[in-house]
Amino acid sequence: MTSTNDIRRSFLDYFGSKGHAVVPSAPLVPHNDPTLMFVNAGMVPFKNVFTGLETRDYSTATSSQKCVRAGGKHNDLDNVGYTARHHTFFEMLGNFSFGDYFKDHAIELAWDLITKEWGISPDRLTATVYHTDDEAFDLWKKISGLPESRIIRIATKDNFWAMGDTGPCGPCSEIFYDHGDHIPGGPPGSPDEDGDRFVEIWNLVFMQYEQEDNEIARDLPHPSIDTGLGLERMAAVLQGTHDNYEIDLFRALIHESVELTGAKAEGDAAASHRVIADHLRSSSFLIADGVLPANEGRGYVLRRIMRRAMRHAHILGARDPLMHRLVPSLVAEMGGAFPELVRAQALVEETLKLEEIRFRRTLDNGLKLLDEALVGMEEGGTLPGETAFKLYDTFGFPYDLTEDALRSRGLGVDREGFDAAMAEQKAAARAAWKGSGDAASDAVWFDIAESHGGTEFTGYTASEGEGQV
Ligand code: ATP
Ligand code: MG
Ligand code: MG
Ligand code: MG
């Protein structure tokens, strides 16, 4: 079996052998970019190279970039445990051309790697192009020999990428793998495309325009390439499973979680083990990159992730802190590729343990309150927003943790009521909020406030009876 570590290596070696500079992953906290919570794509560390603000001594590069999508524009937190292909933390393998090669070579490189180096049958593959991108359509036909029926034109912004309202942009082309008709889901562009059957494995972005303002887009003098291939999704394909959580790496983590909790990975417990394994990765890598749990900004996103995993550990019957005991397995799986994880191991374990101890102090009471509030509620019912807010305010239950706890029972939460209670609380907090004096963290503050409707965190310390970690 090709291990996940082998696949990362083989990708980087392949592009290295084609003249690309092999660049290590950047940290998860974006350098000099207050608009972004966490690095969420392989191109992020190269942003300024694409726009020409920065130059490097190479014109093509390859990397395996650590990514977190648990807030902001790309938020996959709620997908974890529910789809077979989403993580909050994942690795994006990428190859980049900064004004060097363009569409034809990018397609050729990707096609050869997948079908020749890795031996995937073309019968399993489908490509999408932006509906107006005839050039890409023709190139796919010529290079891959795929029948026209499996080169699908897509008109949505799924196939048009832009860095922001202005700046580089262009059409993209995605490669999908068909896991077979025993898995529910339809081909890209069909009404049931959201299933796990046709899985998007690779996105090729063709940066060919520069958006100057709303109206004007001009041709970039040196078009560029940015691609992203999900390592865990590719590992699933190459290991003969449709499910990312069944690849070697996740099996090892879930095996450990089963051992330590004594709860078999079956039924609802299977989802809990997945959440734990996924969130263990995002939490550990965030802590290793310097994020600590807090009640605002990046630290709050980390805290939400950690607590969600900890609630699932509780559901599985763990009565003592669990998460920190899983760290050695993670280090065994990933420490070779990411030495920062080895260096930070003690800090990661200590941080997880402390957070779990403090969360457990209030968890039982919070869950009791939740159970009481649920008495007599029928399937499809809605928890009053005030109760959700009380859980947040008094017991440190992030909103989405409450929502997640109810979702599995077919219940919802009154978001508006929660927002109203929060707004009241926040008005008071705002009066006391003088700003951190740090433009970057203030920007992050507003970033989150915006993406979550201004509800999910406040400038005060939730009354857990203690300050921040
Ligand atoms: P999807 O439509 O499946 O959510 P995406 O279009 O949001 O994926 P891109 O932004 O194009 O993803 O990222 C490039 C590649 O990174 C994807 O083709 C996929 O292989 C991988 N990827 C994206 N999000 C995740 C995730 N949450 N977990 C694991 N892999 C991911
Ligand atoms: Mg997505
Ligand atoms: Mg997509
Ligand atoms: Mg995509």
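Here the gap between residue 74 and residue 132, fully extended at 0.36 nm per residue and compared with their Cα-Cα distance, gives a gain of 18.4 nm. Between the beta carbons of residue 181 and residue 112, assuming R0 = 41 Å, the FRET efficiency works out to 0.90 to the nearest 0.05. Share of pairwise Cα-Cα distances greater than 16 Å in region 3-65 is 52 percent (whole percent). Remark on region 212-329: ratio of C-alpha radius of gyration to 2.2 N^0.38 Å is 1.41. Using C-alpha pairs under 8 Å with a sequence gap of at least 6, the mean separation divided by the residue count of region 177-275 gives a relative contact order of 17 percent. Distance between the pseudo-spin-label points of residue 218 and residue 375 (7 Å out from Cα toward the beta carbon): 7.1 nm.
If R0 is 41 Å, the Cβ-Cβ spacing of residue 194 and residue 57 corresponds to a FRET efficiency of close to 0.45. In whole angstrom, how far apart do the alpha carbon centroids of region 168-228 and region 345-370 sit? Distance between centres, Cα-based: 40 Å.
Which entries in the list 73/157; 18/157; 66/116; 18/141; 103/141 go over 21 Å, if you measure between the two C-alpha atoms of each? Present the calculation step by step, with values, prior to reporting the outcome.
Values: 73/157 14 Å; 18/157 31 Å; 66/116 26 Å; 18/141 23 Å; 103/141 13 Å.
Beyond 21 Å: 18/157; 66/116; 18/141.
If you bin all the Cα-Cα distances of the chain at 20 Å, starting from zero, the percentages per bin are 23, 55, 22, 0.
How high is the FRET efficiency from residue 424 to residue 292, r the C-beta distance, R0 25 Å, rounded to 0.05? Before the final figure, lay out the partial values.
Details: r = 29 Å, r/R0 = 1.14.
Using R0 = 25 Å, I get an efficiency of 0.30.
The Cα center of region 40-94 and the Cα center of region 392-409 differ in position by 28 Å. Spin-label model, residue 155 to residue 319: label points 7 Å out along the Cα-to-beta-carbon direction sit 6.1 nm apart. Remark: spin-label model distance residue 246-residue 141 equals 3.7 nm, labels positioned 7 Å along the Cα→Cβ axis.
Read the figures in this text as sums done on the coordinates, not as results from a lab. Small disclaimer: the values here were computed from a predicted structure and weren't measured. Neighbour counts are summed over all protein chains in view; Cβ atoms, including those assigned to glycine, are modelled from backbone coordinates with ideal geometry.
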